[in-house]
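Visitor: One structure, as structure tokens, below. Some questions next.
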Amino acid sequence: MSLYLGLDCGTQSLKALLFNPADGSVVAVSSVHYGRDLPRHGCPDGFLPHPDPLIRQAPPLLWVEAMDLALERLKASGAAVDRIAGVSGSGQQHGSVYLADGWEKAVANLDAGKPLAQQLKGIFSRPVAPIWMDGSTAEDCAALDAALGPEMQRATGSPAIARFTGPQIRRFARTEPAAYAATARVHLVSSFLCSLLAGADCPVDTGDGAGMNLLDLATSQWHAGAVAATAPDLLRRLPRVSPQAEIVGKLSPYFARHGLKPGIPVVTWTGDNPASLVGVGAARPGLAVVSLGTSDTFFAALRVPAGDPEGCGHVFGNPAGGGMSLICFKNGSLARDRLRRELGLTWDQFGKDAFAATPAGADGLLCLPWFEPEITPPGAAGLRWSGGPAQPTPYHQVRALCEGQVAALRRHSRWIGDFTHLRVTGGASQCEGLLQVLADTFQATVEVLSVPDSAALGAALLAASVAGNLSLDELSAKATKPASSVTPKSAQPGRQAAWEALAKSV
Ligand code: XUL
């Protein structure tokens, strides 16, 4: 019996999931939380605290150590890791890893007797690098927009976006030219970890590569104009692009340390959202996905590639072929957790009691949920309450925050289309109250899957399909069955209109 491994390097944790294609089951999962399990890196929420909310960076060595530990834990759980016949993975999108000359030699010659982090601490030309939450590149986005105009969105699927890798590389080359000059390769989180597994330089896929403002989606090649406008001599620093999931290498002998068979196929990694598209069974057009994670995202496989006319959303490659649309909100679980802590509530009180104790519509209380400077709409900032009872209870506030988050999802996903069914994934998909708000606001059936780790599952499905030569559609049908669903109860179109009017007024 062959098993397949999917890894997911998320914002706050790294997961390893073992999948059995024979019956579509998840055999084992291990997880490493950066804040709790690796506190020496100083990233309690996945990034180094910084007084400027636009600066959000992390040391890539954190993810290296997390991958080592997740694999160690998987083996320690007693899972049949020796049966793994292929591996793939996904990474939080847009984050970049800057590697100095000699890095390839270091990953090609790993010593299975020493931990990865100990051997790789010297390979970075930038030991701390931006993650997707960073918004410090306004100047670079303006310069890229001026250089390329509408061609940027037409060719790459998005206008210049602050968190995207191209603007981030531009800022680095501009502000730290010596460190940029010492950079031999710029990888994404996904292609970097894939390279560690293979012990060699691995390509970027079009799902994650499209989040760089550098990739021409029509040709799956780097866009010459965007590359030239981003940084000097950038092309030789970028990896190859893999137009579709493929075997990109053989597993490095290092991983025998964790019980894996050296030489098994390593399959192209992708971004966490493209992997989730596969992992919830939405890789073919028809279903939309709402991922309630650190970021909240809304995405769907596209029938016809078409960008967001308002320039907030994106078109990425779909790992199953074709394209996918995506809209991303920074104030997802971090905002829910922040309000929960401020109000002194448990997760049960937040997810259940608050919704049982208040009517849909929160007695008129509206919330703009922008604790952190928001991505969608760009520049929105600040938490704001409006209307409602003179003395709203904490439960009113919880409901109004969640309803505000869902109103934002509705408002900014219209360009993606209308759907009768939404599939919900991510940690907050356990919050029943939030699922009802989604069903009511979208007037759609909301389905929750039995496997919550959709990005790791999607990566495992891709590994099984490519390395095991199995049909992705058949694997997906077996592995991504909904466990429960919620149907709409009440429609409140007036409330959506009131929220949109409030959002527009600030
Ligand atoms: C998507 C995005 C986030 C990250 C983190 O564009 O920025 O969803 O992928 O998960």
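Visitor: Looking only at Cβ-Cβ distances, which cysteines of the chain have no other cysteine closer than 4.7 Å?
Guide: Singleton cysteines: CYS9, CYS43, CYS141, CYS312, CYS328, CYS367, CYS402, CYS431.
Visitor: Another question, if that's okay. What percentages make up the Cα-Cα pair-distance distribution of segment 65-151 when the bins are 10 Å wide from 0?
Guide: Distribution as computed: 12, 29, 31, 18, 9, 2 percent.
Visitor: Mind ranking 460-470, 266-276 by how tightly packed they are, going by the mean number of other C-beta atoms within 10 angstrom, highest first?
Guide: Averaged packing, sorted descending, gives the order 266-276, 460-470.
Visitor: Please tell me the relative contact order of segment 394-453 in percent, rounded to the nearest whole number, where contacts are Cα pairs under 8 Å and at least six residues apart.
Guide: 39 percent.
Visitor: Which whole-number percentage describes the relative contact order of segment 407-506, with Cα contacts under 8 Å and a sequence gap of 6 or more?
Guide: 34
Visitor: Where Rh denotes the Kirkwood radius from the mean inverse Cα pair distance, what is Rg over Rh for segment 19-64?
Guide: Rounded to two decimals, Rg/Rh equals 1.23.
Visitor: Checking the table LYS15/LYS121; LYS15/LYS478; LYS261/LYS478; LYS15/LYS114 against a 24 Å threshold on Cα-Cα, which pairs fail?
Guide: Too far apart for the 24 Å limit: LYS261/LYS478.
Visitor: Around PHE124, which amide H atoms from residues at least 5 apart in sequence, or from another chain, sit under 5 Å from its own amide H, with H modelled in the peptide plane?
Guide: Those qualifying (amide H under 5 Å, at least 5 residues apart or on another chain) are ALA100.
Visitor: So, one more: May I ask for the longest run of the chain untouched by trypsin sites (Lys or Arg not before Pro) that are loop-located per DSSP and have at most 15 neighbouring C-beta atoms (other than their own) within 10 Å?
Guide: 304-488
Visitor: With only Lys, Arg, Asp and Glu charged, each at its Cβ (+1 for the first two, -1 for the last two), find how big the charge dipole of the chain is about the Cα centre; round to the nearest 20 debye.
Guide: 340
Visitor: Moving to a separate point now. Can you tell me the dipole magnitude for segment 328-369 around its Cα centre, using point charges on the Cβ only (Lys, Arg +1; Asp, Glu -1), in Debye to the nearest 20?
Guide: 200
Visitor: If you put +1 on each Lys and Arg Cβ and -1 on each Asp and Glu Cβ, how big is the dipole of segment 366-472 around its Cα centre, in Debye rounded to 20?
Guide: Dipole about the Cα centre, nearest 20: 200 debye.
Visitor: Using every pair of alpha-carbon atoms in segment 16-162, split the distances into 5 Å bins beginning at 0 and state the percent of pairs per bin, rounded to integers.
Guide: Here the calculated profile for segment 16-162 is 2, 8, 13, 15, 17, 14, 13, 10, 6, 3, 1, 0.
Visitor: Please list log₁₀ I(q)/I(0) at q = 0.09, 0.10, 0.12 Å⁻¹ for the chain, using the Debye equation with identical point scatterers on the alpha-carbon positions.
Guide: Values returned for q = 0.09, 0.10, 0.12 Å⁻¹ are -0.58, -0.72, -1.06.
Visitor: Give the Debye-formula value of log10 I(q)/I(0) at each listed q (0.11, 0.23 Å⁻¹), with one equal scatterer per alpha carbon of segment 428-494, two decimals each.
Guide: The Cα Debye sum returns log10 ratios of -0.37, -0.92.
Visitor: When ligands, DNA and RNA are left out and all protein chains stay put, how many square angstrom of accessible area per residue does segment 21-111 have with a 1.4 Å probe?
Guide: Accessible area per residue, segment 21-111: 39 Å².
Visitor: How many Å² of accessible area per residue for segment 160-293, probe 1.4 Å?
Guide: Computed with neighbouring chains in place, this is 28 Å² per residue.
Visitor: Starting from the amide H of SER90, placed 1.01 Å from N in the peptide plane, find each other amide H under 5 Å away whose residue is 5 or more places distant or on another chain.
Guide: LEU7, ASP8, CYS9, THR270
Visitor: In addition: Give me the percent of accessible area attributable to carbon and sulfur for segment 92-247, probe 1.4 angstrom.
Guide: 54
Visitor: Take the Cα pairs of segment 1-79, get the Kirkwood Rh, then feed it into Stokes-Einstein at 37 °C and 0.692 mPa s and tell me D in µm²/s.
Guide: D, rounded to a whole number, is 242 µm²/s.
Visitor: Wrap a convex hull around the Cα atoms of segment 93-206, take a quarter of its surface area, and give that in square nanometres.
Guide: Convex hull of Cα atoms, orientation-averaged projection: 7.4 nm².
Visitor: Now, a different point. Using the heavy atoms of the protein chains and a 1.4 angstrom probe, tell me the accessible area per residue for segment 302-371 in square angstrom.
Guide: Value returned for segment 302-371: 38 Å² of accessible area per residue.
Visitor: Give a residue-ordered list of calculated ³J(HN,Hα) values for segment 5-14 (Karplus: 6.51 cos²θ - 1.76 cosθ + 1.60, θ = phi - 60°; whole Hz; x for Gly, Pro).
Guide: For segment 5-14, the Karplus curve yields 10, x, 10, 9, 9, x, 6, 10, 7, 10 Hz.
Visitor: Something else now. When the helices in the chain are scored as -39500 (n - 2.57) per DSSP H run of 4 or longer and the sum is shared across all residues, what 222 nm value do you end up with, to the nearest 500 deg cm²/dmol?
Guide: Value at 222 nm, helices only: -10000 deg cm²/dmol.
Visitor: Also: For the chain, calculate the relative contact order in percent as a whole number, restricting contacts to Cα pairs under 8 Å that are 6 or more residues apart.
Guide: Normalised by residue count, the contact order of the chain is 16 percent.
The values are calculated or read from the model by the stated rules, or taken from the named source; none is laboratory data. Fair warning: this is a prediction, and the values are worked out from it, not measured in the lab. Glycine gets a Cβ as well: all are built from the backbone with ideal geometry, and neighbour counts include every protein chain shown. Ligands, DNA and RNA are excluded from the accessible area calculation, which covers all protein heavy atoms including side chains. Shrake-Rupley method; radii C 1.70, N 1.55, O 1.52, S 1.80 Å.
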